[in-house]
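To start, the structure itself, in structure tokens.
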There are 2 protein chains.
Amino acid sequence: MRLVLASILALTAGSAHAMVVTREVRYKQGDTDLVGFVAYDDARTQAPGVLIVPQWMGLTDYEKGRARQLAELGYVAFCADIYGKGTVAKDTAEAGALAGRFKGERALFRARLTAALAALRSSPTVDARRCAAIGYCFGGTGVLELARSGADVLGVVSFHGGLDSPTPADGKNIKAKVLVLHGAADPFTPKADIAAMEKELADASVDYQLVFYSGAVHAFTQPMAGNDPSRGAAYDEKADRRSWAAMKAFFGEIFSR
Amino acid sequence: MRLVLASILALTAGSAHAMVVTREVRYKQGDTDLVGFVAYDDARTQAPGVLIVPQWMGLTDYEKGRARQLAELGYVAFCADIYGKGTVAKDTAEAGALAGRFKGERALFRARLTAALAALRSSPTVDARRCAAIGYCFGGTGVLELARSGADVLGVVSFHGGLDSPTPADGKNIKAKVLVLHGAADPFTPKADIAAMEKELADASVDYQLVFYSGAVHAFTQPMAGNDPSRGAAYDEKADRRSWAAMKAFFGEIFSR
């Protein structure tokens with residue numbers, strides 16, 4: 001009985017008294033300096049790692065907030081710097097140009113993603129054998145590219161990601177389980193891209209799940225997208241909550257031992 | 001401290017010592033005698049109710065097993081008899097004829113579903129204000145018909161259901177939240193039916209979620225479907241587990257107060 005009680009209290013303490021540590025992390029891809037961000041619970045000795053691939057503006061407070069949330073759940077979370085030198089776009093025009101460059105140069109995109117995954121794996125307390133990646137919008141495209149590169153991650157999660165691929169045959173490289181969380185009313189993802197992705201993943205016998213949330217448009221997890229779905233991108237509290245819960249259930253499955 | 005411990009032990013006891021009671025229930029729709037089946041935890045004084053609509057063979061041990069599982073989760077579960085007099089098809093030819101009749105006569109189908117919902121609501125210990133419905137294959141069509149009838153249920157869940165509707169304008173009657181759990185490789189559901197359902201629900205601003213499981217075909221929750229996906233219907237342990245978890249999360253949301 002005393003032992004049972006001690007166990008219960010230890011579990012409670014684990015979630016109630018997370019000691020979340022955050023800091024910038026300098027790393028490189030080739031000659032390019034990159035500035036990532038890590039968050040983890042210092043009270044844990046080993047935990048699964050989650051790479052976060054930012055939306056098209058770059059690594060902002062939004063991704064850092066998600067990293068903190070993941071650290072509070074017990075994971076080591078690492079936000080990737082895709083654009084280099086911690087670049088954050090000053091406006092959507094610049095974001096479009098930056099994201100467009102990497103969507104056009106997928107090999108470079110994959111190199112940046114791979115460097116970020118390596119940086120996650122070298123983080124303190126991370127269990128390098130149990131890693132996954134999540135990404136938002138442009139970063140959703142990113143996690144699928146990471147999977148297509150053959151990266152050794154247990155799972156990837158795309159939140160309202162761009163789902164197109166110039167090289168669908170690369171689906172055969174995918175080792176990760178794939179979870180795609182998408183707005184049913186997202187006007188920025190052509191139906192043809194969704195169908196092509198489903199075919200790519202099915203042809204390669206990838207373990208995937210595809211979820212649509214009614215009424216949700218692009219960027220549904222992001223409060224900075226505002227509240228007007230008629231603009232095609234808007235925050236949706238319900239879809240945000242449901243998709244986060246779906247991600248947690250997915251992690252529960254892929255990280256279990 | 002003593003209080004906290006007592007609460008923890010009480011929660012544990014609640015799930016560990018479910019006193020599941022099951023029995024046949026005689027009820028009627030018009031002049032037709034119907035034989036349902038109820039399962040509930042006798043240790044609870046009030047619980048949400050879940051209607052189970054059977055697959056095309058009729059009310060079998062499969063649905064009764066699901067009712068027991070739901071009772072162990074704390075719900076009052078009621079299996080509907082759609083065909084009348086507890087009819088179970090002797091083979092798939094008879095099942096096709098029976099299901100075909102009700103898919104052709106949707107008004108009658110709705111009447112049988114409504115009678116079953118009323119029987120659930122009159123079950124012991126059920127919280128009549130918190131009811132939902134789940135259905136398998138033909139029963140998945142059923143729960144959507146129940147929703148389209150304007151039934152006052154908080155949610156409906158279709159497992160590999162037929163998704164066609166002869167009266168898509170009835171989407172406007174739907175009050176329930178809708179969760180559709182589907183095999184990505186189900187050959188028995190035309191893509192056009194899925195697209196039509198999405199349009200019906202979106203046009204009516206219904207709160208819905210649509211989930212596809214890779215590799216899963218028709219009947220993926222049902223061990224009696226065998227293990228050969230090439231036949232178009234087969235059990236899929238992973239999709240079964242994931243879809244059950246999705247249903248539980250959905251119930252957690254719609255039944256919360």
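Overview of values
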item	result
Shape of region A:84-203, Cα gyration tensor, a/c cut at 1.5	oblate
Calculated from backbone phi, Karplus (6.51, -1.76, 1.60) coupling profile of region B:155-171 in Hz, x at Gly/Pro	x, 10, 10, 9, 9, 6, x, x, 10, 6, 9, x, 10, x, 5, 5, x
Dipole moment magnitude, nearest 20 debye, region B:88-150 about Cα centre, only Lys, Arg, Asp, Glu C-beta charged	220 debye
222 nm mean residue ellipticity, helices alone, for chain B (DSSP H n ≥ 4; -39,500 (n - 2.57); rounded to 500)	-12500 deg cm²/dmol
Semi-axis lengths (Å, descending) of the ellipsoid that matches the C-alpha gyration tensor of the protein assembly as shown	43, 28, 20
Cleavage-rule hits (trypsin sites (Lys or Arg not before Pro)) in region B:118-202: DSSP loop, at most 16 neighbouring Cβ within 10 angstrom	B:Lys175
Shortest-first nm distances, B:Arg257 label point to equivalent points in other copies (7 Å, Cα→Cβ)	4.1
Under-24-angstrom lysine pairs by C-alpha in chain A, whenever the two are 8 or more apart or on separate chains	26
Exam field: B:Ser122 pseudo-label spacings to other copies (7 Å along Cα-Cβ), nanometres	7.2
Nm distances between copies for B:Ala169, ranked from closest, using label points 7 Å along Cα→Cβ	5.2
Cα-based helix-to-principal-axis angle, A:237-254 vs chain A, degrees rounded to 10	60 degrees
Minimum Cβ-to-axis distance in chain A for the rotation onto chain B, with residue, whole Å	A:Val211, 2
Positive-end residue, the protein assembly as shown charge dipole about Cα centroid, Cβ charges, pick of B:Phe102, B:Ala151, A:Val35	A:Val35
Complex-versus-alone comparison for region B:243-257, residues with a loss of 20 Å² or more in accessible area, probe 1.4 Å	B:Glu253
Residues of chain B: accessible area per residue with a 1.4 Å probe, Å²	42 Å²
Angle in degrees between helix A:2-16 and the longest Cα principal axis of chain A, rounded to the nearest 10	40 degrees
Helix B:92-104 vs. chain B, principal-axis angle (Cα, 0 to 90°, nearest 10)	90 degrees
Overall Cα dimensions of region A:102-143, principal axis frame, Å, largest first	35, 18, 13
Accessible surface of the protein assembly as shown, 1.4 Å probe, proportion on carbon and sulfur as whole %	55 percent
Region B:214-257 - Debye-derived log10 I(q)/I(0), Cα point model, q = 0.14, 0.26 Å⁻¹	-0.38, -0.79
Long-range tail of P(r) for region A:10-136 (Cα pairs > 23 Å, %)	30 percent
In region A:172-255, chymotrypsin sites (Phe, Trp or Tyr not before Pro) in a DSSP loop with at most 15 other beta-carbon atoms within 10 Å	A:Phe188
Rg over Rh, two decimals, chain A (C-alpha only, Kirkwood Rh)	0.97
Loss of accessible area when B meets A, both sides summed, Å² nearest 100, probe 1.4 Å	1700 Å²
Contact order normalised by residue count of chain A, Cα under 8 Å, 6+ apart, percent	14 percent
Choice from B:Ala43, B:Ala151, B:Ala67 showing the highest fluctuation, given a GNM over chain B with Cα pairs closer than 10 Å	B:Ala43
Under Karplus coefficients 6.51, -1.76 and 1.60, residue-wise ³J(HN,Hα) of region B:226-233 in Hz, glycine/proline x	x, 10, 10, x, 5, 7, x, 9
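The values are calculated or read from the model by the stated rules, or taken from the named source; none is laboratory data. Model, not experiment: these values are computed from the prediction. Ideal geometry is used to build each Cβ from the backbone, glycine not excepted, and the neighbour counts take in all protein chains shown. Calculation scope for accessible area: heavy atoms of the full protein, side chains included, ligands and nucleic acids excluded. Shrake-Rupley method; radii C 1.70, N 1.55, O 1.52, S 1.80 Å.
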